[in-house]
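One structure is given below, encoded as C-alpha cells.
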Amino acid sequence: MSPFTPRVAAVIRREFVLRVKSKWFLLSTLGLPVLIVGLGGLAGFLAVRSATDAGEERRVIGVADPAGLIGDLLVEELLADSLDAVRAADIEEVSVDEARTRLSDSSYDLLLMIPRSAGRRSAEMPGGTPEAEGAEEATEQESAGDDERTTLLARASVPSVIEGSVRGALQRASVRARLRSIGVQTIDPGALLQRTSFDVINVTESGEARSQDIYRALSFGIAFFFYFILLIYGQMIVRAILEEKQSDIVEIMVSSLRPWELMLGKIVGVGAVGIAQMAVWALVFALAAVYGLTAGASTLAEAGIDLASIPVPWGTLVLMFFFLIFGYLLYAGMFAGAGATISNEHDAQQVMLPITMLIILPFIATQGVIQSPNAGWGVILSLVPFFSPLVMPARLFATSVPVWQWLVSLVLLGVFVLGAAWVAGRIFRVGILMKGQRANLPQVLRWIRHG
C-alpha cells in the first residue's frame, strides 16, 4: 500500500500551494537569481571599465636606477606596455625616504626605486658583468631588507592593471639583462616566461578521460548546493511543524488523518517547494552560463579549454540525484522529528543545532575527499548514511568508485531514511499535541519506545 494516500496528497498540496503563493517565494525564486546574475554582470562590467579607465588614464612613471643596471631596459618594457616611463635621473641618488618627500613636487605620478645594492654580487655572476648582477638582484628583492627592495611610490592608489604591468615589465627587463650578460640579444623574454600548459586527466577503468580540475570544481559545487538546500529547507520543515502545533486546528487535523500522514505531507510538500525553486534557479543560472560561455568561447579556446570535448557523466549525475533525494529525506525526517519536540521559535534554534552540525561535518569532509577520493577514511565516510549524501557524489566525480561501494552506500542510506521516518513518526504522534514546553531527551526516547 502506498504511503501517499489521498489525505497525504491533500496535505502535500496544501503545503505546496500555501508557500508558492507567498510573496517571499516569488521574491526569492525570481529575484535572487536575477540579483546574483546582475551582480556578477555588474562586477564584470566594473572590472572591464576600471581596466579601460586605467589604460586611458596616463600616468608618468619615473625609473630611478642609481647603478644603471636595468633602468633603460625597464623603460623600454614599460613603454611597450603603453605606459609613460622615463628615467628619473634627478632622483636616482636619493634614498627612498627622501624620494617619498620629493615625489609630490616632481613631474612623476609613480616612481620606481631600484636599489643600488642590486649590483653587489656582480662578481659572483657568470661573466662578472654589472648587467648580469642587475638582473639577478632585480628578481630577488623580495628576500632582501627594506632598503634593498624595489619600491613603487605613487601619489594616488595604483590600479591593479598598472601594478601588474610594472611587475611584468620588471621581470622581463631582468631576464633581458641576464641574457645580455651571456651575449644573447634576440630572444623574447616573454616567450621564456610563458607558462607551459598543464592538464591532469584521470583515466577510469573503462578508459574514460576526466579533467581533474573540472570534476573537482563540480564536486565542490554539488556539495555546496546540497548543503545550502538542507540548511534552508530543513529549517523550513521545523518551522512548518511548529506552525502546525501552534495552530488551533491541529487537534481536528489529527482526528481526521494519522500524525505520520501529516508529517509525511509536510516533508514532501516543503520539499516540493524547494525542488520547484531550485529548478527555476537552475534554469536561470544555466541560461546565464550558456550565454557567458558562448560570449567567452574565443577566450576559453585561447586558454586551451574546449567545452565540446568535456564529456558529460550522465551515469554519475543520475546516481548523484538519488543520493541527494535520499539525503534530503533522511535529514528532513530528522528535522521533522526535532520540530515535533518544541513549542516556540526560541527552542527551534537549539534543536536544529545538532542536525545542522551533522550537515556541516560531511560538507567539510568533502573537501578532503575531493583531494583523496580513495583514502580509507573517505571510503568509510561515503558508506555512513549521515555522510554519504555529500561524500559519495564527491567520490563519484573524483574517481572510479567500485559498484559495490556506491550500491551498499545507497542501500544503507535508504534503510536509514525509513528508520528516520519511523522514529520521526513516533515522536510526531505524541509531540504534535504537546504544548507549553520543550521535551527533554528522556521523554523523546520514551515516545520512540512506546509510540
Exercise. Where does each of 231-241, 89-99 land if you order them by average Cβ count within 10 Å, highest first?
Worked result: 231-241, 89-99
Exercise. Given a 1.4 Å probe and the protein chains all in place, what does the accessible area of Met320 round to, in Å² to the nearest 10?
Worked result: 30
For this session: Multiply the residue gap between Ala10 and Glu93 by 0.36 nm, knock off their C-alpha separation, and tell me the result in nm, one decimal place.
Result: 21.2 nm
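For Val415 and Leu46, what does the FRET efficiency come to when R0 = 45 Å and r is the distance between their Cβ atoms, rounded to the nearest 0.05? Provide the component values of the computation, followed by the final result.
Numbers: r = 52 Å, r/R0 = 1.15.
The pair Val415/Leu46 has a calculated efficiency of 0.30.
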For this session: Answer with one residue from Ala332, Leu445, Val318: the one whose Cα lies farthest towards the positive end of the charge dipole of the range 317-451, charges on Cβ with Lys, Arg +1 and Asp, Glu -1.
Result: Leu445
Problem set entry | Pair Leu257, Asp105: separation of 7 Å Cα→Cβ label points (nm) | 8.6
Seminar exercise, completed: Taking alpha-carbon centroids only, the range 355-424 lies from the range 14-31 a number of Å equal to 32
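What is the gain in length, in nm to one decimal, between Ile182 and Trp422 on full extension, counting 0.36 nm per residue of separation less the C-alpha to C-alpha distance? Before the final figure, lay out the partial values.
Details: separation 240, 0.36 × 240 = 86.40 nm, distance 8.00 nm.
So the chain would gain 78.4 nm between Ile182 and Trp422.
If packing is taken as the average count of other Cβ atoms within 10 Å, what order do 410-417, 34-41, 68-75 fall into, highest mean first? If you can, show how the numbers build up before the last one.
On the way: 410-417: 16.9, 34-41: 12.8, 68-75: 23.0.
In decreasing order of mean packing, 410-417, 34-41, 68-75 become 68-75, 410-417, 34-41.
What ranking do 362-370, 273-281 get when scored by the average of other Cβ atoms within 10 Å per residue, highest first? All intermediate terms of the calculation are to be shown ahead of the outcome.
Details: 362-370: 20.1, 273-281: 16.9.
The packing order, highest mean first, is 362-370, 273-281.
Which length gain, in nm to one decimal place, applies between Ser247 and Ser157 when the Cα-Cα distance is subtracted from 0.36 nm times their residue separation?
Details: separation 90, 0.36 × 90 = 32.40 nm, distance 5.98 nm.
Residue separation times 0.36 nm, minus the Cα-Cα distance, leaves 26.4 nm.
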For this session: Give the calculated FRET efficiency between Met278 and Arg167 to the nearest 0.05, with a Förster radius of 60 Å applied to their Cβ-Cβ distance.
Result: 0.90
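The values are calculated or read from the model by the stated rules, or taken from the named source; none is laboratory data. Please read all numbers here as calculations on a predicted model, not as lab measurements. With ideal geometry, Cβ positions are generated from the backbone for all residues, glycine too; neighbour counts draw on all protein chains shown. SASA here: full protein model, heavy atoms, side chains in, ligands and nucleic acids out. Shrake-Rupley method; radii C 1.70, N 1.55, O 1.52, S 1.80 Å.
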